[in-house]
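Asker: Okay, handing you the structure first.
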Amino acid sequence: MRCRVVITGMGCVTPLGSDLETVWRRLLAGESGVGYTTLFDASNFPTKISAEVRDWDLSDVGEDPQQWKYQGRHTHFAIGAAHKAVAQSGIMDTKLNPTRFGIYTGSGEGQQDFDRFTQMMVAGLGNGETLDLARFTRAGLETLHPIAELEQEPNMPASHLASVFGAEGPNINCLTACAASSQAIGEAVEIIRRGEADVMLSGGTHTMIHPFGVTGFNLLTALSTHNDEPTKASRPFDRNRDGFVLGEGAGMVVLESLEHAKARGAEIYGEVCGFGSTADAFRITDTHPEGRGAISCIKMALADAGVGLDEVDYINAHGTSTSVNDRVETLAIKQVFGQQAYKIPVSSTKSMMGHLIAAAGATEAIFCLLAIRDNVVPPTINYETPDPDCDLDYVPNVAREVKCDAALTDSFGFGGQNIALLLKRFQG
């Protein structure tokens, strides 16, 4: 019999807060974490808004922020979310074999230091019109900090997590764009299923709220420019949507084999039953217009879980608020579920959280677990004008009580990455 994998701890740091119950309450109330960008001067950018993590630092989880001053925001978020997930699980209070405890993250690159890069460019250009590479390099050697530069590597959060919690087992990071942390959870589940670990701390962390990140997405015309009303900018599935809103943060879960969790008497918050992973094999920045990769990964997750089409009670959609994603995701759901698609509540919490990029999938998996726990699903806020191409039940604007035993969460990333996770209420 295949090893069952359960969730025994959850934690997050998000634009709506870092306390799980506070974040959940605010989601159900339809509150938005979007506002004007304060992390840098965005006044000259087409997009001047984002969903920042505000008024938070590592002292919230008992860490000295000064000890982490050279680590980026994404590492801070990861440590914070992980501390909360591990504390909820109680795993550190047991006689845990460290070589059977692993880390699998879907973490983005470190925060880019735009100010120092600007200093290097000014030095390199001097009074001329061409770049003097020697002057540019010399300025970099004088200006940049070696530890801060090391922290640019996307595997660094996973390395720090292993050190903080003494996890000597598998240590892996993947960066598959917006699908990264969902992929991390799915592959961490497979590691436990294969018997290579008893416990995996998994999830994702990311921030792209910096000049380089916003510039890139603006050039791709992927971001909303609805600057006048920030809280209404993210409007998944609405006909007047004009792009996503950048968010930041982290979501982490503690995964265990059922046998290991039961042996230590752990409280179980749900079970990861299905995992699907595919690629569109189409274009880097465009999803396949017929949703072939999305369709395949959803079918794969359902088959892996052994769940029928009529057994899925809720879908937490990728729902970015871009024209193409929302239309193709709706098409994919209808292709998989047929007429049953119209009976399943589908909502996008990105309408309130913004898009946490690599961290999005993990936080949305946590929201699925809370929906299962409480039998209530969060809304899609800012849904005002129906789009004929998006004609499902998007739980518009108001949370809804729904009997929820099984939830599907979708994550699709630039590059054509597609991940689906099927989560269920735990039944021993």
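The values are calculated or read from the model by the stated rules, or taken from the named source; none is laboratory data. Please read these numbers as outputs of a predicted model, since none were measured by experiment. Note that we place each Cβ from the backbone using ideal geometry, even for glycine, and neighbour counts take in every protein chain shown. Surface areas here come from the heavy atoms of the whole protein model, side chains and all, with no ligands, DNA or RNA. Shrake-Rupley method; radii C 1.70, N 1.55, O 1.52, S 1.80 Å.
Asker: With the requirement that a residue be outside any loop (DSSP other than H, G, I, E, B) and either aliphatic (A, V, I, L, M) or open to solvent by less than 10 Å² (accessible area, probe 1.4 Å) (or both), what does region 1-23 give you?
Answerer: 5, 6, 7, 8, 9, 10, 11, 12, 13, 14, 20, 23
Asker: Looking only at region 385-398, decide whether some residue is of a type outside the set (A, V, I, L, M), open to solvent by 50 Å² or more (accessible area, probe 1.4 Å), modelled with pLDDT of 95 or more and closer than 12 Å to residue 347 by Cβ.
Answerer: yes
Asker: Every residue in region 92-113 that is among the charged types (D, E, K, R) and over 19 Å from the mean Cα position of the chain (by Cα), please.
Answerer: Listed by number, the residues that qualify are 93, 95, 100, 113.
Asker: Give 227, 240 a once-over and let me know the one that is in a loop (DSSP other than H, G, I, E, B), open to solvent by 10 Å² or more (accessible area, probe 1.4 Å) and more than 30 Å from residue 57 (Cβ to Cβ).
Answerer: The unique qualifying residue is 240.
Asker: Those residues that are among the hydroxyl-bearing types (Ser, Thr, Tyr) and more than 21 Å from residue 74 (Cα to Cα), I need them from region 200-246; list them, please.
Answerer: Once the filter is applied, which keeps residues that are among the hydroxyl-bearing types (Ser, Thr, Tyr) and more than 21 Å from residue 74 (Cα to Cα), region 200-246 yields 221, 224, 225, 231, 234.
Asker: When region 261-307 is examined, which residues are found to be modelled with pLDDT under 95, surrounded by fewer than 22 Cβ atoms within 10 Å (Cβ to Cβ) and β-branched (Val, Ile, Thr)?
Answerer: 284, 285
Asker: Then there is this: Being touching a Lys or Arg at 6+ places or on another chain (Cβ under 9 Å) and of a type in the set (Val, Ile, Thr) is true for just one of 409, 330, 363, 320. Which residue is that?
Answerer: 320
Asker: For region 43-58, enumerate the residues that are under 21 Å from residue 234 (Cα atoms) and either in contact (Cβ under 8 Å) with a residue 24 or more places away in the chain or surrounded by 19 or more Cβ atoms within 10 Å (Cβ to Cβ) (or both).
Answerer: Of everything in region 43-58, those that are under 21 Å from residue 234 (Cα atoms) and either in contact (Cβ under 8 Å) with a residue 24 or more places away in the chain or surrounded by 19 or more Cβ atoms within 10 Å (Cβ to Cβ) (or both) turn out to be 45, 46, 47, 48, 49, 50, 51, 52, 53, 54.
Asker: Can you tell me how many residues in region 185-213 are open to solvent by less than 10 Å² (accessible area, probe 1.4 Å) and modelled with pLDDT of 95 or more?
Answerer: Qualifying residue count, region 185-213: 17.
Asker: I'd like to check something: does region 158-171 contain any residue that is touching a strand residue (DSSP E or B) at 6+ places or on another chain (Cβ under 6 Å), open to solvent by 60 Å² or more (accessible area, probe 1.4 Å) and polar (S, T, N, Q)?
Answerer: yes
Asker: Return the only residue of 360, 332 being in contact with a Cys (Cβ under 7 Å, 6 or more places away or on another chain), open to solvent by less than 10 Å² (accessible area, probe 1.4 Å), of a type in the set (A, V, I, L, M, F, W, C) and assigned to a helix (DSSP H, G or I).
Answerer: 360
Asker: List the pairs whose first member sits in region 14-42 and is more than 26 Å from residue 210 (Cα to Cα), whose second member is open to solvent by less than 20 Å² (accessible area, probe 1.4 Å) and assigned to a helix (DSSP H, G or I), and whose Cβ atoms are under 6 Å apart, counting only residues at least 6 apart or on separate chains?
Answerer: Listed pairs, sorted by first residue: 24/370.
Asker: Next up: Can you pull out the residues in region 24-34 that are of a type in the set (Gly, Ala, Ser) and surrounded by fewer than 16 Cβ atoms within 10 Å (Cβ to Cβ)?
Answerer: Scanning region 24-34 gives a single hit, 29.
Asker: A further question on this structure: Kindly check whether there is at least one residue in region 66-77 that is touching a residue at least 60 places away in the same chain (Cβ under 8 Å), at negative phi, surrounded by fewer than 21 Cβ atoms within 10 Å (Cβ to Cβ) and not aromatic (Phe, Trp, Tyr).
Answerer: No, because not a single residue in region 66-77 is touching a residue at least 60 places away in the same chain (Cβ under 8 Å), at negative phi, surrounded by fewer than 21 Cβ atoms within 10 Å (Cβ to Cβ) and not aromatic (Phe, Trp, Tyr).
Asker: What are the residues in region 214-224 that are under 29 Å from residue 185 (Cβ atoms), in a helix (DSSP H, G or I) and either open to solvent by less than 20 Å² (accessible area, probe 1.4 Å) or in contact (Cβ under 8 Å) with a residue 24 or more places away in the chain (or both), if any?
Answerer: Listed by number, the residues that qualify are 214, 217.
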